[in-house]
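A.B. asks: Pasting a structure below so you can have a look.
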Amino acid sequence: KIHLIERNQIFAFAGDLSLAERFRVFATTSYPLLAQAGHKFDYATAIAASLANNLRLTGIEPQAANLMTILIHEFKGNVEACLFTAGVNPRYLDSDHFSCAMGSGAGAALPFLNFLLETFTSNGQPELVDGKLFATWAVKYAIDRLAGGVGGDIDLAIAERNETGQWIFRELPTAEVHESIGAIDSAADALREWKRSFSDSSGTEPVPKPPRQ
């Protein structure tokens, strides 16, 4: 459910595949507007308006559409991430609101993701290397706890600057994702060892049994 659009945008969705394909078409055809737009919302609202009109042509009320998407693109030298609820209501993420989750696993993934951010970054924006780890961990957490509703391999895509300062959008190869999964396993082992360091049962008094009634 993660796609590169002409290698200069990242598109991901939750919900109906056919509606997502419509969104992707309008995101692609509207892309030239970015070069002329005075504000990033001009691009987002153009996509949303095109999609809403198209949905109505086929008898779908836009606000009730089974679709949630995120579109990541460059605008005036910055990478921007825009969340579209019902496919037609755009909201750009910012430095204070930079995490989100979509789909059936969101109820498990987002609280765990926020826990990781609070624990390791004091709710500040993570560096890219940490962001890859936290995203992988949150998705893995949802998969492990929602059998049947969320599954499959973990796919990730990132935006990063190259040696010349240009933004590069790419999907991570499987080997890079597995590196994060290996780090997660190592972190779990370290946490278990940390817990054992102060909760070793040797030398501690047993919990008393409750008195008989």
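The values are calculated or read from the model by the stated rules, or taken from the named source; none is laboratory data. Worth saying up front: this structure is predicted, and the values here are computed from it rather than measured. Neighbour counts run over all protein chains shown; Cβ positions are idealised from the backbone, glycine included. For accessibility, only protein heavy atoms count, side chains too; no ligands or nucleic acids. Shrake-Rupley method; radii C 1.70, N 1.55, O 1.52, S 1.80 Å.
A.B. asks: Take the residues of the range 119-129 that are within 25 Å of Arg7 (Cβ to Cβ) and not hydrophobic (A, V, I, L, M, F, W, C): which is surrounded by the most Cβ atoms within 10 Å (Cβ to Cβ)? Write out each step before concluding.
C.D. replies: Looking only at the range 119-129, we keep the residues that are within 25 Å of Arg7 (Cβ to Cβ), and these are 125-129.
Filter again for not hydrophobic (A, V, I, L, M, F, W, C), leaving 125-127.
Values: Gln125: 13, Pro126: 17, Glu127: 10.
Only one residue tops the list, namely Pro126.
A.B. asks: Restricting the search to the range 75-92, which residues are open to solvent by 70 Å² or more (accessible area, probe 1.4 Å) and modelled with pLDDT of 90 or more? Before you say what the answer is, go through the steps one by one.
C.D. replies: Taking the range 75-92 first, the residues open to solvent by 70 Å² or more (accessible area, probe 1.4 Å) are 76, 78, 91.
Residues satisfying the conditions are Asn78, Arg91.
A.B. asks: Let me ask another. Pairs please, first residue from the range 108-137 and over 16 Å from Ala157 (Cα atoms), second anywhere and surrounded by fewer than 13 Cβ atoms within 10 Å (Cβ to Cβ) and among the hydroxyl-bearing types (Ser, Thr, Tyr), Cβ atoms under 8 Å, 6+ apart in sequence or on different chains.
C.D. replies: Note: pairs meeting the criteria are Gln125/Ser95.
A.B. asks: Which residue is farthest from Glu6 (Cα to Cα), if the candidates are limited to the range 161-174 and must be open to solvent by 50 Å² or more (accessible area, probe 1.4 Å) and in contact (Cβ under 8 Å) with a residue 12 or more places away in the chain?
C.D. replies: By that ranking, first place goes to Thr174.
A.B. asks: Can you spot a residue in the range 140-152 that is surrounded by fewer than 17 Cβ atoms within 10 Å (Cβ to Cβ), touching an Asp or Glu at 6+ places or on another chain (Cβ under 9 Å) and either modelled with pLDDT under 90 or not charged (D, E, K, R) (or both)? Spell out how you get there, then give the answer.
C.D. replies: Here is the first cut: in the range 140-152, the ones surrounded by fewer than 17 Cβ atoms within 10 Å (Cβ to Cβ) are 144-149, 151-152.
Okay, now just the ones that are also touching an Asp or Glu at 6+ places or on another chain (Cβ under 9 Å), so none.
The answer is no; no qualifying residue exists.
A.B. asks: Another question, then. Does Ala101 count as outside any helix (DSSP H, G or I), touching a helix residue (DSSP H, G or I) at 6+ places or on another chain (Cβ under 7 Å) and open to solvent by less than 50 Å² (accessible area, probe 1.4 Å)? Please lay out each step first, then the result.
C.D. replies: On the way: outside any helix (DSSP H, G or I): yes; touching a helix residue (DSSP H, G or I) at 6+ places or on another chain (Cβ under 7 Å): yes; open to solvent by less than 50 Å² (accessible area, probe 1.4 Å): yes.
Yes: the conditions hold for Ala101.
A.B. asks: Which one of the conditions (1) within 21 Å of the chain's Cα centre (by Cα); (2) closer than 30 Å to Arg145 by Cα does Phe41 fail to meet, given that it meets all the rest?
C.D. replies: Checking Phe41 against (1) within 21 Å of the chain's Cα centre (by Cα); (2) closer than 30 Å to Arg145 by Cα, the one that fails is (2).
A.B. asks: Output the residues belonging to the range 155-178 that are closer than 14 Å to Ala81 by Cβ and either over 17 Å from the mean Cα position of the chain (by Cα) or among the β-branched types (Val, Ile, Thr) (or both).
C.D. replies: Correct list: Ile158, Trp167.
A.B. asks: Another question, then. Going residue by residue through the range 1-18, is there one that turns out to be surrounded by 14 or more Cβ atoms within 10 Å (Cβ to Cβ), of a type in the set (D, E, K, R) and at pLDDT below 90?
C.D. replies: Checked the range 1-18: at least one residue is surrounded by 14 or more Cβ atoms within 10 Å (Cβ to Cβ), of a type in the set (D, E, K, R) and at pLDDT below 90.
A.B. asks: May I pose another question? Testing Arg56 on (1) without any contact (Cβ under 8 Å) to a residue 24 or more places away in the chain; (2) under 27 Å from Ile168 (Cβ atoms); (3) among the basic types (Lys, Arg), one condition comes back false. Which one is that?
C.D. replies: With (1) without any contact (Cβ under 8 Å) to a residue 24 or more places away in the chain; (2) under 27 Å from Ile168 (Cβ atoms); (3) among the basic types (Lys, Arg) applied to Arg56, the lone miss is (2).
A.B. asks: Now a separate question. Identify all residues within the range 104-134 that are closer than 30 Å to Ser50 by Cα and either in a strand (DSSP E or B) or of a type in the set (Ser, Thr, Tyr) (or both); write none if there are none.
C.D. replies: Hit for the range 104-134 is Ser104, nothing else.
A.B. asks: For the range 6-38, give me each residue that is β-branched (Val, Ile, Thr) and without any contact (Cβ under 8 Å) to a residue 60 or more places away in the chain.
C.D. replies: Narrowing the range 6-38 to residues β-branched (Val, Ile, Thr): 10, 25, 28-29.
Listed by number, the residues that qualify are Val25, Thr28, Thr29.
A.B. asks: Does the range 61-71 contain any residue that is part of a strand (DSSP E or B), on the phi < 0 side of the Ramachandran plot and open to solvent by 40 Å² or more (accessible area, probe 1.4 Å)?
C.D. replies: Step one: filter the range 61-71 for residues part of a strand (DSSP E or B), giving 67-71.
Then drop every residue that is not on the phi < 0 side of the Ramachandran plot, which leaves 67-71.
From what is left, the residues that are open to solvent by 40 Å² or more (accessible area, probe 1.4 Å) are 68.
Yes, the range 61-71 contains a residue that is part of a strand (DSSP E or B), on the phi < 0 side of the Ramachandran plot and open to solvent by 40 Å² or more (accessible area, probe 1.4 Å).
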